[in-house]
Amino acid sequence: MRVNIAENIEHIRASLPQGVTLIAVSKYHPKEAVEIAYSVGQRDFGESKAQDLKTKFQELPSDIRWHFIGHLQSNKIKYIAPFIHLIHSVDSFKLLQEINKQGEKVGRTIPCLLQIHIAQEETKFGFSPNECRALLDSDEWRKLKNIEIRGLMCMASNTDDNQQIANEFNSVKALFDEIKEKHFTSDDRFDIFSAGMSDDHKIAIEAGSTHIRIGSDIFGPAHK
Ligand SMILES: *Cc1c(COP(=O)(O)O)cnc(C)c1O
């Protein structure tokens with residue numbers, strides 16, 4: 001199967017409502033694949049391994065906005081702290097503290113999303129809605145001056161049941177609205193709801209996603 005990266009991107013872009021950002025997930029794909037996407041104007045890219053991301057950052061144009069979307073280990077934050085555009089996958093307060101520490105070292109305020117665990121699979125990471133509420137209620141996070149919480153991220157269950165996927169996305173969007181109202185009323189920068197991948201991004205957009213993360217529909221199947 002031949003994959004036409006440029007055509008795939010144009011096709012997805014044409015279907016996106018205004019205000020939805022397309023993140024091209026280039027994990028496990030070579031830098032040449034990123035270059036093709038870049039050549040048709042794509043600037044937001046996502047990776048799930050800190051070292052791979054650092055390597056691509058060094059090899060590719062500097063105006064690319066790099067998104068970290070995988071499970072992040074504390075000892076890997078340093079690879080991406082100097083330049084990362086947005087970390088989507090903060091799944092503990094401890095990780096947030098570590099990102100803050102690395103942000104301080106490099107003199108940056110690092111934009112972060114809290115990942116919400118909503119899917120049925122145990123394998124997925126993230127806060128439960130109540131853990132997320134407890135974190136934000138405690139106000140400890142407000143003392144962290146080198147991170148900035150910009151919104152929520154989630155992954156739906158891996159299922160063919162579109163109604164279930166819609167219910168999951170809608171429940172995280174409701175949590176997003178609740179949190180915005182309670183903790184960020186006077187702060188326009190809590191404005192990102194990262195939801196939707198190749199198979200479910202249409203459903204996610206219906207639910208109010210602002211950032212979709214598309215890998216295989218752009219680059220074809222990934223080989224780890
Ligand atoms: C791999 C990955 C994606 C992209 O998945 P596709 O199904 O290939 O579009 C999106 N989000 C996360 C968190 C991922 O790990």
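The values are calculated or read from the model by the stated rules, or taken from the named source; none is laboratory data. Keep in mind that this is a model prediction, so the values were computed, not measured. Neighbour counts are summed over all protein chains in view; Cβ atoms, including those assigned to glycine, are modelled from backbone coordinates with ideal geometry. Keep in mind that these areas ignore ligands, DNA and RNA; they rest on the heavy atoms of the full protein, side chains included. Shrake-Rupley method; radii C 1.70, N 1.55, O 1.52, S 1.80 Å.
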Item to check | Residue in segment 5-19 that is of a type outside the set (Gly, Ala, Ser), within 15 Å of the ligand (Cβ to nearest atom) and farther than 23 Å from ILE203 by Cβ present | outcome: yes
Item to check | Residues located in segment 167-197, provided they are assigned to a loop (DSSP other than H, G, I, E, B) and within 18 Å of the chain's Cα centre (by Cα) | outcome: ARG189, PHE190, ASP191, ALA195, GLY196, MET197
Checklist outcome for this item: Scanning segment 1-18 for residues that are open to solvent by less than 70 Å² (accessible area, probe 1.4 Å) and part of a loop (DSSP other than H, G, I, E, B) gives VAL3, ASN4, LEU16, PRO17
Next on the checklist: Taking the criterion of being surrounded by fewer than 16 Cβ atoms within 10 Å (Cβ to Cβ) and either touching a residue at least 60 places away in the same chain (Cβ under 8 Å) or closer than 23 Å to GLY196 by Cα (or both), would at least one residue in segment 74-85 satisfy it?
Outcome noted: no
Item to check | Output for segment 204-222, where each listed residue is assigned to a helix (DSSP H, G or I) and more than 13 Å from the ligand (Cβ to nearest atom) | outcome: ILE205, GLU206
Checklist entry - Looking only at segment 32-54, which residues are open to solvent by less than 60 Å² (accessible area, probe 1.4 Å) and touching a helix residue (DSSP H, G or I) at 6+ places or on another chain (Cβ under 7 Å)? => result ALA33, VAL34, ALA37, VAL40, GLN42, PHE45, GLU47, ALA50, LEU53
Next on the checklist: Just to be sure before I move on: is ASP188 near the ligand (Cβ under 10 Å from one of its atoms) and open to solvent by 70 Å² or more (accessible area, probe 1.4 Å) in the structure I sent?
Outcome noted: no
Checklist outcome for this item: Output for Cβ contacts, cut-off 8 Å, separation at least six or different chains, first residue open to solvent by less than 70 Å² (accessible area, probe 1.4 Å) in segment 159-171, second of a type outside the set (Lys, Arg) and in a helix (DSSP H, G or I), reads THR159/ILE165; ILE165/ILE203; ALA166/ILE203; ALA166/GLU206; PHE169/ILE203; PHE169/ALA204; PHE169/GLU206; SER171/PRO129
